[in-house]
Amino acid sequence: MTLFVGLGNPGSQYENTRHNIGFKIIDKLVGDAGARDISKTSFQGKLYRTADTLFLKPTTFMNLSGISVQAVKQFFKVELETIVVIHDDIDLPFGALRFKKGGGHGGHNGLKSIDAHISPEYLRVRVGVGKPEHRSQVADYVLHDFAQTEMIQLDALILHATKACNAFLHQELKEIQTHYTLKSIEDLSL
């Protein structure tokens, strides 16, 4: 059983923010797979399922995401190596896409929470959202909507990330890194 976790914050005011790119990719995966909603209060998130795949959007707010991930992991006995967390990454330019297993949280509160609840050894889809000019502006930056120019390119980025996520169901991490890594959004127009 593979568990895809998209990070974001619940509520319409956060829907188009950079921090919610994980939610947007999960929405596309769920729609494409025709997954059914199996959410329960104890999961503390919106949970969808197909025969062999789970899709989770924690509704705990970002800094408590690990509570929801741990609840679903334990209930379905999901192995750590089949958990794929999709999240925004300010250390990558907008439109970059990277994949890795384990590692640090880079100050990302959602990853920090998941690390504390299940360990950091899960797979990650790092979606570049760019970064503000000053470090002190990070919280404000990730909680703001994508810029108009970025919104135009967002659908193509989400589609590419969705293909990469689907590849996790039948390919090894190295293959995915080779075929789906993007240095920036310009790589998509090649």
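Only the coordinates and a few stated rules stand behind these numbers; no lab work does. Since the structure is predicted, the reported quantities are computational estimates derived from the model, not experimental observations. Here Cβ is always computed from backbone atoms with ideal geometry, including for glycine, and neighbour counts include all displayed protein chains.
Compare the peptides 137-147, 53-63, 78-88 by average per-residue count of other Cβ atoms within 10 angstrom and give them in order, highest first. Spell out each step's value before the answer.
Details: 137-147: 14.8, 53-63: 22.0, 78-88: 20.0.
Those peptides, ordered most packed to least, come out 53-63, 78-88, 137-147.
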Report task. Fewest Cβ neighbours within 10 Å first, please rank ILE185, ILE158, ILE26 accordingly. Result -> ILE158, ILE185, ILE26
Query raised in the report: With Cβ to Cβ distances under 11 Å as the rule, what net charge do the other residues near GLY8 carry (K, R +1; D, E -1)?
Result: +1
Report summary line: Total charge of the residues flanking THR17 in space, meaning their Cβ is under 12 Å from its Cβ, with Lys and Arg +1 and Asp and Glu -1, is -3
Query - Spacing of the two label points (7 Å from each Cα toward its C-beta) at GLU133 and LYS77, in nm - result: 5.6
Query raised in the report: Would you list SER68, SER42, SER184, SER12 from fewest to most Cβ contacts within 10 Å?
Result: SER12, SER42, SER184, SER68
Query raised in the report: What shape does the stretch 7-47 take by its C-alpha gyration tensor, where a ≥ b ≥ c are the square roots of the eigenvalues and a/c under 1.5 counts as rounded, a/b above b/c as prolate, and the rest as oblate?
Result: oblate
Query raised in the report: Rounded to the nearest 5, what % of the DSSP beta bridges within the chain are antiparallel ones?
Result: 50
**Report entry** Residue order, fewest to most surrounding Cβ atoms within 10 angstrom, among GLU150, GLU121
**Finding:** GLU121, GLU150
Query - Spatially close lysines, pair count over the stretch 44-129: Cα under 21 Å, gap of eight or more or interchain - result: 15
Query raised in the report: If one computes the Cα centroid of the stretch 31-79 and of the stretch 90-117, what distance in Å separates the two points?
Result: 19
**Report entry** Summed side-chain charge close to CYS165 - residues other than CYS165 whose Cβ falls under 11 Å, Lys, Arg +1, Asp, Glu -1
**Finding:** +1
